[in-house]
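Have a look at the structure below before the remarks.
What follows draws every value from the coordinates through simple rules; no lab data is involved. All values reported here derive from a predicted model rather than from experimental measurement. Note that we place each Cβ from the backbone using ideal geometry, even for glycine, and neighbour counts take in every protein chain shown.
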Amino acid sequence: MSRICEGRVVVVTGAGRGLGRAHALAFAAAGAKVVVNDLGVDLDGTRAVGGAAGETAADNPAQQVADEIRAAGGEAIVHGGDIATSAGAASLVAAALETYGRLDTLVNNAGFLRDRMLVNLDEDDWDAVVRVHLKGHFLPLKHAAAHWRAEAKAGRTPVARVVNTSSGAGLLGSLGQANYSAAKAGIIALTLVAAAELGRYGVQVNAIAPAARTRMTERTFAESMAAPDAGFDAMAPENVSPWAVWLGSAASEGVTGRVFEAEGGRITVMEGWRAGPTVDKGARWTPEGAGEVALKLLGEAGVPGAVYGA
Ligand SMILES: NC(=O)c1ccc[n+]([C@@H]2O[C@H](COP(=O)([O-])OP(=O)(O)OC[C@H]3O[C@@H](n4cnc5c(N)ncnc54)[C@H](O)[C@@H]3O)[C@@H](O)[C@H]2O)c1
């Protein structure tokens, strides 16, 4: 039986560690040729691999993931560029096209954290985190989409897939993560727009909000992320990857512009903003009148989910 991603060419950003690594290995096991991207930075985005004495490109964790894929009989190449720059994103797409002659799936996953309470959040920490997540999704998506649009216009409409990575922080907010929550919420809006704009070119765009034990979570949420002594290790990153693989395969035909929470053995379709109780006076309100009706509407509305950590 043919595997679910047989022959597809898949780019995974931030695939040297954690969830991206698990996705890259899972796509390869599903028959895909994988472009394993990672800049090899520390958890706060500083110090890219290759910067320290004695380090070389071979120290990039992406190299180890590509070696693992090849050792298992799969095909992979390494891309060590920064996906949040236009040059890095363009060369990432070019690497897939030059090596394998095609691009079928883009998994946007790379990122890092700089957690601080809002009043202590420096402008630099805001910029760096919004840049790597939000711009780091936009740029690879833009360059991949330009290729797919050209293919469609040449009469070769692709079966293209994009899997973006949001977070519960982007869905509900998370204390101490204003920068990260804002970026991850932006990724959901980007997903909705991209799905609507790119469908005509054969491109489906969805997002996952994962939860798993990686260096991002293993200390902050040590207890809930710990592996059990026996039984199902729900927080292993490998549990999220089957959803990324399915969304990134031709089998997900017709599914686009959707957001899924994925954790352990659980998958949840997230249902986003929708109009709740409403009133239209057909004329301008006074502030006092607006306040009165707002309180009445809020009394009829559902209660929003709690911000993480609140
Ligand atoms: N672990 C979780 O529970 C969880 C929850 C929600 C969302 N996420 C998201 O999942 C994704 C993966 O996170 P993870 O937990 O596996 O973290 P991780 O730190 O293990 O992996 C992220 C990888 O991205 C790479 N990277 C960072 N900046 C880069 C850049 N500019 N260009 C290329 N590579 C870069 C890092 O070097 C690292 O290897 C992130 O987008 C994260 O926000 C994770």
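Some notes on this structure:
- Three-way shape label, the range 95-181, alpha-carbon gyration tensor, a/c 1.5: prolate
- Peptides 8-19, 276-287, 232-243, 66-77 ranked from most to least packed, by the mean per-residue count of other Cβ atoms within 10 Å: 8-19, 232-243, 66-77, 276-287.
- Rounded if a/c under 1.5, otherwise prolate or oblate - the range 9-270, Cα gyration tensor axes: rounded
- Taking the DSSP bridge list for the chain and keeping only pairs wholly inside it, about 10 percent are antiparallel.
- Taking label positions 7 Å along the Cα-Cβ direction at both residue 2 and residue 294, the computed distance is 5.7 nm, reported to one decimal.
- Euclidean distance of C-alpha centroids, the range 57-75 and the range 253-287, integer Å: 40 Å
- With a cut-off of 13 Å between beta carbons, the residues surrounding residue 107 carry a summed charge of +1, where Lys and Arg count +1 and Asp and Glu -1.
- Among 189, 244, 211: highest mean-square fluctuation, GNM of the chain, C-alpha pairs under 10 Å: 189
- Taking a ≥ b ≥ c as the square roots of the eigenvalues of the Cα gyration tensor, the range 169-273 is classed as oblate, since a/c reaches at least 1.5 and a/b does not exceed b/c.
- Other residues with beta-carbon under 13 Å from the beta-carbon of residue 19 carry, at +1 per Lys or Arg and -1 per Asp or Glu, a net charge of 0.
- Over the chain, dividing the summed -39,500 (n - 2.57) contributions of all DSSP H runs of at least 4 residues by the number of residues returns a 222 nm mean residue ellipticity of -11500 deg cm²/dmol.
- Segment residue 56-residue 200, extension gain: residue separation times 0.36 nm, minus the distance between their alpha carbons: 47.6 nm
- In the chain, lysine pairs closer than 26 Å at Cα, eight or more apart or cross-chain: 7
- Under the span-like rule (Cα at least 18 Å along the axis, Kyte-Doolittle mean at least -1.0), DSSP H helices of the chain: 86-100, 136-153, 178-198, 287-300
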